[in-house]
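Only one structure is covered here, and it is reproduced in the block below.
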Amino acid sequence: MMSVVRHTSDVRCLVSDWKAARRKVGFVPTMGALHAGHARLITESLAECDRTVVSIFVNPLQFDRKDDLESYPRSDEADLALLEELGVHLVYQPREKDMYPEGFVTRVVQEGLTETLCGAARPGHFDGVLTVVLKLFNVVQPDLAWFGQKDYQQVQVIRRMVKDLNCPVEVRMSPIVREADGLALSSRNRLLTPEQRAAAPRIFKALQKCDVAFRSGQRNVDALRVQVARELEGLPEARIDYVEITDPRSLLPRRSDAAEGDLLAVAVYLGAVRLIDNLLLGRS
């Protein structure tokens, strides 16, 4: 039977009992508006762990625009129904005032990995991500935690935090889950207009064309980036945030030639909706 709790003490009590019984605890942190991508992460946790915890919390610290926070999709009733159907053991839905009580002033700040891609485009974003993830790890005390490759940079940033701060949790990254037409699943997809939704699969097609060019021998980073940008510029109401090819570990941009396994990552606005996607060159 699935438990739904709001208080830290309730989570700790349940997890403590599981740990005392030597149960392996898996954790999937989410901001709700769940889709098949989340379901894959949860299914992987359920298959490998004795108990699985899912959190639902729209974290205000990681939003750089108030309107983006306010418009972020929310579907609590449907989310809970899906989680119960999947067989999740515990859902943690903390309230904002409990996560960030009056006088809260501490944040997790990381250098290097957070300074490119989405970190450069959204200053302070990863401070908010790392702060909430560390708080959730401290509450849930999981053995393993699952995140999706669509947020590739986020996964690398969290892995670095876990290593640097000696967090006793193993971070897993699962492949991107896509719609039949190639669009990477995202809660923000619900905000697209019909015209934007029809055009959005072209984001992944642009990445695929770039990968084909790479496999055919094109290695020049500028040429590959320009190819992707030209494809994206043709989307309705499109505004490119970034197109980058980076080292997959340091996330530093390649300056001359791309190599197999490099990260090709894009962020593009369709109207007011910001979508991200990526692939590893020569390996996707």
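Taking amide H positions as modeled 1.01 Å from N, with prolines and chain starts lacking one, the residues under 5 Å from PHE27 and 5 or more places away or on another chain are VAL53, LEU144, ALA145, TRP146. The helix-only estimate of mean residue ellipticity at 222 nm for the chain, built from DSSP H runs of length n ≥ 4 each weighted as -39500 (n - 2.57), is -12000 deg cm²/dmol after division by the residue total. Computed over Cα pairs, the Kirkwood radius of the range 187-279 leads via Stokes-Einstein (1.306 mPa s, 10 °C) to a diffusion coefficient of 118 µm² per second.
Angle between the Cα long axis of helix 8-20 and the longest principal axis of the chain, 0 to 90 degrees, nearest 10? On a 0 to 90 degree scale, this one is about 80. Each of SER186, SER3 was scored by other Cβ atoms within 10 Å of its Cβ. Listed from fewest to most, they are SER3, SER186. On the basis of the beta-carbon distance and an R0 of 22 Å, LYS66 and VAL4 show a calculated FRET efficiency of 0.20. Among ALA81, ALA120, ALA223, whose mean-square fluctuation peaks in a Gaussian network model of the chain (Cα, cutoff 10 Å)? Taking springs between Cα atoms under 10 Å, the residue moving most is ALA81. Close amide-amide hydrogen proximity is noted between SER3 and LEU90, VAL91, each under 5 Å apart and 5 or more residues distant or on a separate chain (H modeled in the peptide plane; Pro and chain starts excluded).
The long axis of helix 76-86 is offset from the longest Cα principal axis of the chain by roughly 80 degrees.
Put simply, the amide H of LEU185, placed in the peptide plane, has neighbours under 5 Å in VAL177, ARG178, GLU179, leaving out anything fewer than 5 places away on its chain. Sites listed here are GluC sites (Glu not before Pro) in the range 184-284 whose DSSP assignment is loop and whose Cβ has at most 15 other Cβ atoms within 10 Å: GLU237, GLU260. Charged side chains reduced to their Cβ positions (Lys and Arg at +1, Asp and Glu at -1) give the range 3-174 a dipole of some 440 debye around its Cα centre. Using θ = phi - 60° in the Karplus curve 6.51 cos²θ - 1.76 cosθ + 1.60, the 3J(HN,Hα) couplings for the range 215-226 round to 5, 7, x, 6, 10, 5, 4, 4, 5, 5, 5, 4 Hz; x is entered for Gly and Pro.
Note on the chain: Cα Rg divided by 2.2 N^0.38 Å, N the number of residues, gives 1.02. Listed by chain and number, the aspartates and glutamates whose alpha-carbon sits under 17 Å from that of LYS24, ignoring those within fewer than 8 places in the same chain, are GLU44, GLU48, ASP50, ASP143, GLU170.
Values quoted throughout were computed directly from the atomic coordinates according to the rules given, and no laboratory measurement underlies them. Not measured: the values here are computed from a predicted model. Here the Cβ is made from the backbone with ideal geometry for all residues, glycine too, and neighbour counts use every protein chain on show.
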